[in-house]
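The structure under discussion appears below in the form of structure tokens.
The values are calculated or read from the model by the stated rules, or taken from the named source; none is laboratory data. On a predicted model such as this, the values are computed, not experimentally measured, just so you know. Here the Cβ is made from the backbone with ideal geometry for all residues, glycine too, and neighbour counts use every protein chain on show.
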Amino acid sequence: MTRDAFMRELEYLLQDVQDDEKEEALQYYRDYFDEAGPENEEQVIREFGSPERVAAIIRSDLAGNLEEGGAFTESGYTDERFRDPGYQVAHRYDLPESAGGKGAGRTGETGESGKKAEPRTSRLLKIVLILVLLALALPVAWGIGQGLWGLAGCILALLIVLLVFLGLVTVGFLIAGVIMIPWGIVMAFASPWSGLVVFGSGLALAGLGLLGLALSVLFYGRFVPFVIRGIADCLNRFFHKNRRDEV
């Protein structure tokens with residue numbers, strides 16, 4: 001069996017072990033092979049025994065049961081429960097300091113590999129940063145909101161002016177047309193040309209009034225509701241977005 005085959009089999013046998021613990025154990029045996037060197041690969045595999053035996057020892061170590069059945073000797077760790085005929089766990093080569101911490105977690109030697117690194121940012125610092133960001137964002141959001149309200153007010157005022165102006169002009173044209181048409185008919189008996197001018201002017205004003213009435217229907221019934229809905233939707237999206245950002 002080669003080193004790669006041994007490590008693949010060992011990794012397969014440890015597939016139900018937590019990832020961090022499995023990787024730590026596998027890294028220990030990789031370092032073991034690296035320290036022994038390619039020329040001692042077969043000897044190390046013979047000393048380890050089968051991958052099943054090594055996996056059983058690792059599981060026992062993780063369960064905290066190594067002390068019950070094994071002991072460390074000058075040639076390495078020996079446990080009668082996992083002992084194959086003629087085999088024992090290989091004696092530990094003197095690994096460099098970089099691998100010592102990883103080996104300690106598997107063999108019981110003292111080391112600091114079991115300690116997890118402290119988080120770089122504490123929860124309190126995160127809360128403080130969030131509060132600072134909110135304090136900076138709220139004035140900006142408030143200013144933008146005021147600007148949008150002002151823009152909406154200007155648009156609404158313009159719509160009201162157009163609404164009133166269009167209504168007054170339409171009503172004025174209609175009233176003038178209604179008055180001038182019969183007046184032109186009456187004047188035609190006394191002065192035909194003057195009566196025709198007044199009558200034609202009345203018809204023109206009445207036509208403009210009817211056109212204004214049609215435009216008023218479109219303006220009041222379609223355009224004004226469309227603009228109001230658009231403004232309401234914009235404000236609704238803006239304030240809902242600000243609330244999500246604050247949360």
Criterion (assigned to a helix (DSSP H, G or I), modelled with pLDDT of 80 or more and touching a Phe, Trp or Tyr at 6+ places or on another chain (Cβ under 8 Å)) met by exactly one of Ile181, Ile175: Ile181
Test result for Glu47, modelled with pLDDT of 85 or more, under 41 Å from the mean Cα position of the chain (by Cα), under 22 Å from Asp61 (Cα atoms) and in the same structural domain as Ala63 (by TED's automatic domain parsing): no
Of Gly145, Gly150, the only residue that is under 25 Å from Asn236 (Cβ atoms), without any contact (Cβ under 8 Å) to a residue 12 or more places away in the chain and assigned to a helix (DSSP H, G or I) is Gly150
Test of understanding: among Ala71, Ala25, Ala55, which residue is modelled with pLDDT under 50 and at negative phi? Ala71
Condition met for Ile144 (in the same structural domain as Leu211 (by TED's automatic domain parsing) and surrounded by 14 or more Cβ atoms within 10 Å (Cβ to Cβ)): no
Subset of the stretch 166-183 (residues that are over 11 Å from Ala206 (Cβ atoms), without any contact (Cβ under 8 Å) to a residue 40 or more places away in the chain and surrounded by 14 or more Cβ atoms within 10 Å (Cβ to Cβ)): Val171, Gly172, Trp183
Checked the stretch 5-26 for anything in a helix (DSSP H, G or I) and more than 17 Å from Arg53 (Cα to Cα); matches are Asp19, Asp20, Glu21, Glu23, Glu24
